[in-house]
Amino acid sequence: MTRDDPGAIFDRRVNRPVHPAALIGDELLAQCQLSRSRTSGPGGQHRNKVETAVTLVHAPTGISATATERRSARENKPVAIKRLRLALATEHRVPVPAGEIRSDLWRSRCQGERIVCSLSHADYPTLLAEALDVIDASDYDTGKAATRLGCTASQLHKLVRGHPPAWVNLNQARESRGLRVLR
């Protein structure tokens, strides 16, 4: 988990860098190296002769994601982008300052004390990244993080649990700090 990113875009409204998982489309691709390769498996001979696999490497962090299951690179590219956004949300941390830290997106998705966002929605990786950044800044005390984010701890747990690698990372970090593992 890295904290420093000299090429980060800064969000002045909440006085913190924009998490790379919050970048979409061309903004994220501008920071990535894209490569195509051949892959084997279902899809017949076409798949063995044409470079349909897409791998994206986020240059500032070195985090990567690959998509191979579609029959064309054009179809695999959005899948790789979504996987990269989730990997960035899970593995990369940005600093969280004191004071109000909730983004406009977080405030719009946090209704009452509930977080309203489907796991398949394009906003999910951004919300996951923001939640994990605040949890990290709260030294993995999810109750304290939930208070800062204006939601309940159970809603925060539900959000993170939606992406199993993030849940595993959260529990490993808690365990390494002597905190109990969340179920």
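Rule-based calculations on the coordinates, nothing more; no lab input. Every value quoted in this text rests on a predicted model; they were computed, and no experiment measured them. Counting neighbours? That spans all protein chains shown, and the Cβs are built from the backbone with ideal geometry, glycine included.
Descriptive notes on the structure:
- Spin-label pair residue 167-residue 120: with each label point 7 Å from Cα along the Cα-Cβ axis, the two points sit 1.9 nm from one another.
- FRET efficiency, 1/(1 + (r/R0)^6) with R0 30 Å, evaluated for residue 24 and residue 154 via beta carbons: 0.55
- In the range 58-183, Cα pairs under 8 Å separated by at least six residues give a relative contact order of 21 percent.
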